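Comments concern the structure below.
The values are calculated or read from the model by the stated rules, or taken from the named source; none is laboratory data. Keep in mind it's a predicted model, so treat the numbers as computed, not measured. Here the Cβ is made from the backbone with ideal geometry for all residues, glycine too, and neighbour counts use every protein chain on show. Areas reflect the complete protein model, heavy atoms only, side chains present, ligands, DNA and RNA absent. Shrake-Rupley method; radii C 1.70, N 1.55, O 1.52, S 1.80 Å.
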Amino acid sequence: MRNRRETILIIVALLAAGSLFPVAAQSTLAPALVWQGAINGEESSSLRWPVAVASAAVGEVVVADAGTPRLVVFHLVDDRWVAQATLPLPAPPVGLAAVGGRYLLSLRGETGLLEFEREKWTYRVVPLPAGTVPGALAATPDSGLLVYDDARQLVLRRSGGGAFSNGVPVRGPVRALAAGRGGDFYAAVPHQGVVLHCGSDGGELDCWPVPGVAPSPSWPVGLAVASGGDLLVLDRTGGRVVVLDARGGARGAGARKGWDAGLLRYPAGLALGPDGLLAVADQGNGRVQLFRASGGE
């Protein structure tokens, strides 16, 4: 009994010290983001459970809301974010990506993948390889798309012309994807608290632990590659964005957990817009928060 009790005390002490999971106090990382505002919606367009966000044009943010399955399109009008369209969805949304001026949206279950045309905001169902259950999505630099297959733990590539290549296996389950510039890609694995850097063939080049906020380990659920090459990682449990350099080292963080303006509570996804504005689906607070880099890039 005594040995068991001592073991428990040692484990608790290690957890508190951050020896079993990569954790970091909020103040140990340099401030990386400056808050710019929030999108809440009004009346019928109010956000309830935003799960993903994307931006294909300056002054436009599109939000996938699972509270009442729908896609809400916001435009910046006279310094206010106004809902321009609210589009009902046939099933709860999962992933969202802006690709070549269009939006691709994955839905739960067997509903599949939808492609939305801007302006008219009509959509078509995108045919998928047999057996695919689409999850996380990410645009590629050549106007293609990465699709994570939840059923088989594969990453599929869709070319700009619409053809799918054979999927490459990635240890998962994966919650978010981001494309590199040379055919490589990044995959967030929340239950391990890591981001995988994979080659075009799916082989792991690196495995980067994402620092959490003590005493909690991280839970990475969103990824975006900045123009300078840094990787932005959204930590759901820590309520913040961690900036990783090209070697996977943490060089900064933005936001923190909370309810007030500029704070995040169980965020679910992020996206960099064409103007460098970072939009974060602040799920626990029912809104989208907007940030910019605090300096440099």
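Structure values in brief
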| item | result |
| --- | --- |
| Separation of the Gln84 and Trp259 label points, Cα + 7 Å toward Cβ, nm | 3.4 nm |
| 1.4 Å probe accessible area per residue over the chain, in Å² | 45 Å² |
| Label point 7 Å beyond Cα of Val34 along Cβ direction - residues of region 269-297 with amide nitrogen under 12 Å | 291-297 |
| Ordering of 197-204, 280-287, 140-147 by burial proxy (mean other Cβ atoms within 10 Å per residue, highest first) | 280-287, 140-147, 197-204 |
| Label-to-label distance, nm, for residues given as Ser227 and Ala163 (7 Å Cα→Cβ offset) | 3.3 nm |
| Span from the region 47-67 Cα centroid across to the region 218-297 one, whole angstrom | 15 Å |
| Under-5 Å amide H pairs with Ala85, H placed in peptide plane, nonlocal only | Val73 |
| Solvent-accessible area, 1.4 Å probe, carbon plus sulfur percent, for the chain | 52 percent |
| Among 94-107, 33-46, the order from most to least packed when residues are scored by Cβ within 10 Å on average | 94-107, 33-46 |
| Efficiency of FRET between Asp206 and Glu43 - r from beta-carbon atoms, R0 45 angstrom, step 0.05 | 0.45 |
| Vicinal HN-Hα couplings computed from phi for region 101-117 (Karplus, 6.51 cos²θ - 1.76 cosθ + 1.60; Hz; Gly/Pro x) | x, 10, 10, 10, 9, 9, 10, 5, x, 9, 5, x, 10, 10, 10, 9, 7 |
| FRET efficiency, 1/(1 + (r/R0)^6) with R0 30 Å, evaluated for Arg251 and His75 via beta carbons | 0.35 |
| Other-chain or far-sequence residues with amide H under 5 Å of Val126's (modelled H) | Leu113, Leu114, Glu115 |
| Value of [θ]222 nm, deg cm²/dmol, for the chain, DSSP H segments ≥ 4, -39500 (n - 2.57) each, nearest 500 | -2000 deg cm²/dmol |
| Cα radius of gyration and Dmax for region 231-297 (Å) | 11.4, 34 |
| For P(r) over Cα pairs in 10 Å bins from 0, in percent, calculated from these coordinates, the label among (1) 6, 29, 35, 21, 6, 2, 0; (2) 6, 30, 39, 21, 4, 0; (3) 5, 19, 21, 13, 6, 8, 13, 10, 4, 1 | (1) |
| Residue-count net charge about Gly286 - beta-carbon cut-off 13 Å; Lys, Arg +1, Asp, Glu -1 | 0 |
